[in-house]
Amino acid sequence: MKALVVANWKMNPPTFREAKKLLETTRKAADATEHVTLVVAPPAIFLRELRARHKGKKIAFALQNASAEESGAYTGEISLAQGADAGATYAIVGHAERRAMGESSDDTQKKVAAALAANMTPILCVGEATRTASAEYFGVVKEQLRIGLADISSSQLGSVIISYEPVWAIGGEKTMSPRDMHEMAIFIRKTVVELHGEKGMGVKIIYGGAATESNAANMLRDGDVDGLLVGHVSVDAPRFAALLQAIEDAT
Ligand code: 13P
């Protein structure tokens, strides 16, 4: 099975010139793999041009965020339809950095449903900010899933990706242990089954938070996940190429 690797460039790089270069080296690295499906989430302002240069190639594109509204007086926002028109087929929803800026689980609920209505695959991000011995983080994740997925039907579950990103791991060099991820993946599946029935067993789960060239293969092997959401390593071309190669070598 192919691993889904989502390169979340966040607010990088500073210029379109650098974005073109990064996409080109990323594409070359992706072309050398057979076991990776690559999705690049560039800053939205670069999306259309990047997509135009890579038509028909093996890379799909994602929005990092979008409004759930169709159109209207929402200064600074972009709509899912605009993102789809620019070439995105995936949309990241409820990233921890958006939640930290005020996005609520109710917002993610509307965005997941709106992304599906726009024929895009929502990547719903969930994950606790901190972890303590009392394990209340399971409750946090459950609530984010319950609200985020409340507006979809069980038949739509196959078109949704859940990205588990423990906020405390984001930006570092060390993931949570694959064993803990495995436990979380079982919990996520169980929760989605409780909410939406047996189809929830098949929900796609990816992991994000300090995924690097050193830990990617282990996480995919032992973490019970279908892929990775990669932040800072995805904008470092040599490191990202090494990450893709590590996955390829391990499969
Ligand atoms: P890092 O890979 O930089 O930890 O970021 C993870 C993330 O937030 C991906 O969306």
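Some points to look at:
- Output for region 196-231, where each listed residue is touching a strand residue (DSSP E or B) at 6+ places or on another chain (Cβ under 9 Å) and either free of Cβ contacts under 8 Å to residues at least 12 places away in the same chain or not in a loop (DSSP other than H, G, I, E, B) (or both): K204, I205, I206, Y207, G208, A216, M219, L220, G227, L228, L229, V230
- Any hit, region 230-243, residues being of a type in the set (F, W, Y), near the ligand (Cβ under 10 Å from one of its atoms) and out of contact with any Cys (no Cβ under 6 Å at 6 or more places or on another chain): no
- Applying a threshold of 9 Å to beta carbon distances and a minimum spacing of six or more residues, or different chains, the list of pairs starting in region 135-163 at a residue that is touching a residue at least 40 places away in the same chain (Cβ under 8 Å) and ending at one that is in a helix (DSSP H, G or I) and aromatic (F, W, Y) reads F138/F187; V141/F187; K142/F187.
- Selection from region 183-217 of residues that are more than 15 Å from the ligand (Cβ to nearest atom) and under 25 Å from F240 (Cβ atoms): M184, A185, K204, A217
- Some residue of region 89-107 being in contact (Cβ under 8 Å) with a residue 40 or more places away in the chain, among the charged types (D, E, K, R), surrounded by fewer than 17 Cβ atoms within 10 Å (Cβ to Cβ) and more than 16 Å from the ligand (Cβ to nearest atom): yes
- Flag if M11 is touching a residue at least 40 places away in the same chain (Cβ under 8 Å) and exposed (fewer than 14 other Cβ atoms within 10 Å of the Cβ): no
- With respect to the conditions (1) surrounded by 15 or more Cβ atoms within 10 Å (Cβ to Cβ); (2) within 19 Å of L4 (Cα to Cα); (3) under 18 Å from the mean Cα position of the chain (by Cα), G158 falls short on a single one, namely (1).
- Restricting V192, V167 to those that are touching a residue at least 60 places away in the same chain (Cβ under 8 Å) and not aromatic (F, W, Y) reduces the list to V167.
- Unique match (being closer than 24 Å to Q144 by Cβ and free of Cβ contacts under 8 Å to residues at least 12 places away in the same chain) among E77, E24: E77
- Set Y90, Y74: member being of a type in the set (F, W, Y) and outside any strand (DSSP E or B): Y74
- Residue within region 133-143 that is of a type in the set (A, V, I, L, M, F, W, C), at pLDDT 95 or above and within 22 Å of G231 (Cα to Cα) present: yes
- Residue in region 166-175 that is within 16 Å of the ligand (Cβ to nearest atom) and at positive phi present: yes
- Residue check for V160: under 27 Å from A241 (Cα atoms) and more than 12 Å from the ligand (Cβ to nearest atom): yes
- Tally of residues being part of a loop (DSSP other than H, G, I, E, B), more than 16 Å from the ligand (Cβ to nearest atom), aliphatic (A, V, I, L, M) and under 18 Å from L63 (Cα atoms) across region 3-44: 0
- Residue in region 8-22 that is in contact with a strand residue (DSSP E or B) (Cβ under 7 Å, 6 or more places away or on another chain) and closer than 24 Å to L243 by Cα present: yes
- All conditions but one from (1) in a loop (DSSP other than H, G, I, E, B); (2) in contact with a helix residue (DSSP H, G or I) (Cβ under 7 Å, 6 or more places away or on another chain); (3) away from the ligand (no atom under 14 Å from the Cβ); (4) closer than 23 Å to I162 by Cα apply to E69; the one that does not is (2).
The values are calculated or read from the model by the stated rules, or taken from the named source; none is laboratory data. The shown structure was predicted, so the numbers you read here are calculated from the model rather than taken from an experiment. FYI the Cβ positions are ideal-geometry reconstructions off the backbone, even for glycines, and counts take in every protein chain you see.
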